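Here is the structure we will look at.
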Number of protein chains: 2
Amino acid sequence: MMETEIFRALADPTRRAVYERLAAAEMNVSELRAGFAISQPAISQHLAALRAAGLVTERRQGRFTYYRANPAALAPVVDWVERYRNFWPKRVESLKQVLKDMEP
Amino acid sequence: MMETEIFRALADPTRRAVYERLAAAEMNVSELRAGFAISQPAISQHLAALRAAGLVTERRQGRFTYYRANPAALAPVVDWVERYRNFWPKRVESLKQVLKDMEP
DNA sequence: GCCATATATAAGCGATTGCTTATGTGACGG
DNA sequence: CCGTCACATAAGCAATCGCTTATATATGGC
């Protein structure tokens, strides 16, 4: 299940923090690591999880790998929440559409 | 972190399925169990996780405990996604407001 | 009171998580 | 080339997960 991988990736607070930093600005691994008190491999492993879920994309440039958030990959989360829209008005539709429009 | 507990609760596919069934209809544990191929304690443990995250509420009636989904508890998920609204138009605001209006 | 029913909790177990240290891989600068 | 830098991968480990079986806690019917 695709949603499982995304929810699982976001379930870790460090990983959400990584995503948040990458949403603010594209960054290479060393720059990213600066904000956290964990080892470089730990960061790489978190990035691998986010990458597998499609939540971040990488761009290799020489020795550096630049990562950025891919907010379009959050669509399944909104989709899932949206399935319970019968509980509330269907204004949620708009968000779903916006995310769909972002697809590359 | 509150979001962590919610994301973690939703990260398990069985738990999401439980939530989905409880979103469709209030149900006691035995009725709920009928739809799954796992033991009664396993269901109770999933319900405990969902309950701890505030995603479901219980109503005891005699020997039975009836559970129902509490969609308002999904608000932090929408909130979190919404934090990246700078990537997309701010129509997301409306969803946040709707969820806030649902609070008991 | 006594027994069955409905659910929760405890205990135990293999699988998975998130971290660490160690090592690999590839690109740059001398 | 050769050493260093940027990053990924491997291996190992304690903690946590999701499940099981066993047991506790209520409630209801007799």
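We did not get these values from a lab; they are worked out from the coordinates using the rules stated. Being a predicted model, the structure only gives us computed values, none of them experimental. Virtual Cβ from ideal backbone geometry, glycine too; neighbours counted across all protein chains shown.
Per residue of A:10-18, count partner chain C-beta atoms within 10 Å of its C-beta, then hand back the mean as an integer. Could you put the intermediate results ahead of the total?
Values: counts 10, 10, 4, 5, 0, 1, 5, 1, 0.
Per-residue shielding by partner chains comes out at 4.
Take peptide B:62-71, look around each residue's Cβ out to 10 angstrom, count Cβ atoms belonging to other protein chains, and average those counts.
1
Where does each of A:2-9, B:35-42 land if you order them by average Cβ count within 10 Å, highest first?
Peptide ranking by packing, descending: A:2-9, B:35-42.
May I ask you to derive the FRET efficiency for A:Glu3 and A:Gln61 from their Cβ-Cβ distance with R0 = 45 Å, giving the value to the nearest 0.05?
Numbers: r = 32 Å, r/R0 = 0.71.
For A:Glu3 and A:Gln61, the calculated efficiency is 0.90.
Between B:Ala24 and B:Arg51, what FRET efficiency follows from the Cβ-Cβ distance if R0 is 22 Å, with the result rounded to 0.05?
Result of the calculation: an efficiency of 0.75.
For the rotation that superimposes chain B on chain A, which residue of B has the C-beta lying nearest to the axis, and at what distance in Å?
Reported as residue, whole Å: B:Ala11, 2.
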